[in-house]
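Taking it in order: structure first as structure tokens, then the write-up.
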Amino acid sequence: MRPLRIAWHAVGLCLLGLVCHTGYCAETSVLKISVDTTRMAGNSAGPFSIAIALTDGSGLAAGDTTVQVTDIGFSGGRALGGPVLFGGANGELGTAVTITNSSLLGLLVEPFSPGSELTFSLSLTAGSNKSGTPDRLTVFILDGSGAPIATLAPAGDYFVGIDLTSDDPSPETFGSDLSRRTFTGSPISIPRPKAED
């Protein structure tokens with residue numbers, strides 16, 4: 001029951017993280033993301049999960065946008081397996097994850113044990129959406145209750161958000177919001193993730 005509760009909670013947040021921009025065409029970009037998770041290790045707000053979501057901007061579930069998550073590292077932590085997969089999501093954090101926009105929402109939620117740093121590479125191939133609303137990738141970290149750790153993002157409490165447009169996509173990154181507690185403990189200091197081409 002708990003995994004479904006986490007997944008549906010993340011579904012709502014993904015929709016909040018959807019931001020509109022004008023049309024785009026297919027191209028591939030690669031980004032390397034690193035998140036300092038030092039203060040999460042051993043924190044009572046765990047166990048923690050990563051939620052990676054791809055929302056389909058056109059609403060047509062065209063299957064022409066793909067996100068590949070590879071080179072996933074935990075720097076002393078590890079993936080715990082047993083991912084919840086929804087829509088066009090496949091794989092697991094222990095190996096690699098692929099999400100396509102073959103449904104309105106593709107979502108992976110998987111628990112992990114944090115080490116000092118969470119790192120991963122994103123290979124982003126945008127489709128040919130002409131609706132004016134781009135497909136969007138959003139990355140959350142969930143606490144032990146399945147709620148997202150509060151961030152300074154304007155809506156949706158995500159750490160990384162990327163609109164998949166025709167231009168080289170620019171990731172939005174936000175650190176945690178220390179003015180808001182987690183549902184299961186004190187606020188956790190997580191600096192703004194680093195994103196590099």
Scan the range 63-77 residue by residue and report those that are of a type in the set (D, E, K, R) and not in a loop (DSSP other than H, G, I, E, B).
Asp71
Mind listing whichever residues of the range 96-142 are of a type in the set (Asp, Glu) and modelled with pLDDT of 95 or more?
Glu110, Glu117
Suppose the filter is surrounded by fewer than 18 Cβ atoms within 10 Å (Cβ to Cβ) and either modelled with pLDDT under 85 or outside any helix (DSSP H, G or I) (or both); does Cys20 pass it?
yes
How about the range 178-197: which of its residues are of a type outside the set (Ser, Thr, Tyr), surrounded by 14 or more Cβ atoms within 10 Å (Cβ to Cβ) and either under 14 Å from Val30 (Cα atoms) or at pLDDT below 95 (or both)?
Arg181, Phe183, Gly185, Pro187, Ile188, Lys194, Ala195
Scan the range 53-95 for residues that are in contact with a Cys (Cβ under 6 Å, 6 or more places away or on another chain) and β-branched (Val, Ile, Thr) and report the count.
1
Could you check Asp64 against (1) modelled with pLDDT under 95; (2) farther than 27 Å from Asp197 by Cβ and say which number it fails?
(2)
Can you pull out the residues in the range 157-177 that are at pLDDT 90 or above, touching a Gly at 6+ places or on another chain (Cβ under 9 Å) and not aromatic (Phe, Trp, Tyr)?
Asp157, Gly161, Asp163, Pro171, Glu172, Thr173
Which ones in the range 158-177 are surrounded by fewer than 17 Cβ atoms within 10 Å (Cβ to Cβ) and among the hydroxyl-bearing types (Ser, Thr, Tyr)?
Ser166, Ser170
When you look at Leu60, is it touching a Phe, Trp or Tyr at 6+ places or on another chain (Cβ under 7 Å) and assigned to a loop (DSSP other than H, G, I, E, B), yes or no?
no
Select from the range 181-197 the residues that are under 28 Å from Lys32 (Cα atoms) and either among the β-branched types (Val, Ile, Thr) or out of contact with any Phe, Trp or Tyr (no Cβ under 8 Å at 6 or more places or on another chain) (or both) and list them in ascending order.
Thr182, Pro187, Ile188, Ser189, Ile190, Pro191, Lys194, Ala195, Glu196, Asp197
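The values are calculated or read from the model by the stated rules, or taken from the named source; none is laboratory data. The shown structure was predicted, so the numbers you read here are calculated from the model rather than taken from an experiment. With ideal geometry, Cβ positions are generated from the backbone for all residues, glycine too; neighbour counts draw on all protein chains shown.
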